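*Asks:* For reference, the structure I am asking about is given below.
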Amino acid sequence: MSRVNGIVERVAGLIDSGLLKPGERLLSVRVGALEHGVSKNTMAEAYDRLVALGRLEARQGSGYYVARVRRTSPERRPAHVAEAVDFVSLLREQLVQSYAVRVGDGRPPPSWMERFEVGSHLRHMASSRGAAAEHGYGNPWGFLPLRERLALTLAERSIKVAPEQILLTQGANHALDLVARQLIEPGDTVLVDSPGYYPLFGKLTLAKAEIVGVRRLADGPDLDDLAAKAAAYKPKVFFTQSLAHNPTGGSITPATAHRLLQIAEQHGFTVVEDDPFADILPASSPRLAALDQLERVIYVGTFSKTLSASLRVGYVAAKPALINTLCDLKMLTVVSTSDYVERIVYGVVATGQYLRHLRKLKARLQTAADEADGALARIGIRVPTPPGGGYYIWGELPPGADELALAREAAERGIFLAPGSVFVPDKAPSAPAMRINVAYAADPRFVAFMREWLERG
């Protein structure tokens, strides 16, 4: 084996140095074996391994040649891909979790999430619906009983939709990705909240869209700004989060929602409403999809924020023609979502465990929000928008503050912060701020650090 490795390394080195050119024929197996002092079997194995690595091409009856297609360096990415990765640099830390105090995290502490016994829910499905999970791809639409239950849930939110208008996805991000792939072509202008949901900016950058931010106020998008930019840029889509907005925490008012839909109708753009915290918010909360009934609005939901991010179950609801196209696109890209996972989620919902968990989660959020409000007020961080029932607070920093330097200093203390500039799509100058997770806002280590930093001026 060591002789094979040695030959592979020598030949690869000759190719990398340019001494062996693309398309050049190598020594035959017999001659190569004599040259390297090995058996023909050893030489043939070395050549086969180089073929498997993409360094050589085997031509039947002719021999082995240096591959003509050069390997792409993994460090070299197209410009639009590199830019998209920059947008999600914050997400990388949220997944790796190398900091002890996670004030900038987008999710609640693991201790807030219930532990559910997976096997019992699969057994419940087999007994209650007479359909055991099989080792197939599953229905591309997703597990039907869960879609039926979601249709009832959306009806409670005054969104009238049939199960056939609901497509299950791998979380809300997958749903947003499908919508972006379907609706957006390179060069199209899209509107987004600013500040807004930064992973979405990366997706839109990958789609080579022109991203224009719409100012976010305490009661929803700035309607004057929306109308002006709709007239100037002729956007195809507006992506927005109406309730418990990420990152500001605010929620849209009925008056703002009505006027927003009028602007969309006037300028002919589609609205994508992302509603990740719906299950812990009142069903009567003003939703664009409820006012519009999915004529111009596409509605996106998920269990990731309120049940488990690991289960990766979300959904998108839209009018029939569009949802059928999105299902086709889902099949082309991922074939289907996990039938097993969708059955587990359905089991948690159908047995009442999810409802009991939501009650506890809402109580924890309320307590944490109250503690966060007091802690931030004591150290002098202004919160322009009161917490709206989700996980986030938008904390304003003193004018002229260097939020990136603050984040770096906090990192040295083991504290993870989310600078406000990450949430601004066009990187335009804005008042320094940071997104604060209410679950961590009253942590004594964060409070002490911020007090010291603010006192230094």
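Taken together, the values in this text are just the output of simple stated rules run on the coordinates, not laboratory data. Keep in mind it's a predicted model, so treat the numbers as computed, not measured. As a convention, Cβ positions derive from the backbone with ideal geometry for all residues, glycine included, and neighbour counts pool all protein chains shown.
*Asks:* Treating only the Cβ atoms of Lys and Arg (+1) and Asp and Glu (-1) as charged, compute the dipole magnitude of the chain about its Cα centre; round to the nearest 20 debye.
*Replies:* The calculation lands at about 1160 debye.
*Asks:* Along Cα→Cβ, 7 Å out, is where each label goes; now give me the distance between the ones at Leu329 and Glu9 in nm to one decimal.
*Replies:* In this crude label model, Leu329 to Glu9 measures out at 4.9 nm.
*Asks:* Calculated from DSSP H runs of 4 or more alone, at -39500 (n - 2.57) each and per residue, what is the 222 nm mean residue ellipticity of the chain, nearest 500?
*Replies:* Mean residue ellipticity at 222 nm (helix-derived): -14000 deg cm²/dmol.
*Asks:* Moving on to the next point. Suppose each label sits 7 Å from its Cα in the direction of the beta carbon; what would the Glu409-Arg378 distance come out to in nanometres?
*Replies:* 2.1 nm
*Asks:* Sum up the charges of everything whose Cβ sits under 9 Å from the Cβ of Leu176, counting Lys and Arg as +1 and Asp and Glu as -1, but leave Leu176 out.
*Replies:* Neighbourhood net charge equals -1.
*Asks:* Roughly what would the spin-label model give for Ser39 and Glu455, points 7 Å off Cα along C-beta, in nm?
*Replies:* My value for the distance between the label points is 7.7 nm.
*Asks:* Separation of the stretch 140-160 and the stretch 276-307 by C-alpha centroid, Å?
*Replies:* Result: 12 Å between the Cα centres.
*Asks:* Just subtract the alpha-carbon distance of Gln266 and Glu156 from 0.36 nm times their residue separation and send over the number in nm, one decimal.
*Replies:* 36.7 nm
*Asks:* Tally the DSSP beta bridges in the chain and give the antiparallel ones as a percent, rounded to 5.
*Replies:* Roughly 55 percent of the DSSP beta bridges within the chain come out antiparallel.
*Asks:* Given the Cα-Cα distance of Asp224 and Trp112 and 0.36 nm per residue of separation, how much length would full extension add, in nm?
*Replies:* 36.4 nm
*Asks:* Another question about this same structure. State the extension gain, in nm to one decimal, for the chain segment bounded by Ala283 and Arg25, taking 0.36 nm per residue of separation less the distance between their alpha-carbons.
*Replies:* The span from Ala283 to Arg25 would gain 85.8 nm if fully extended.
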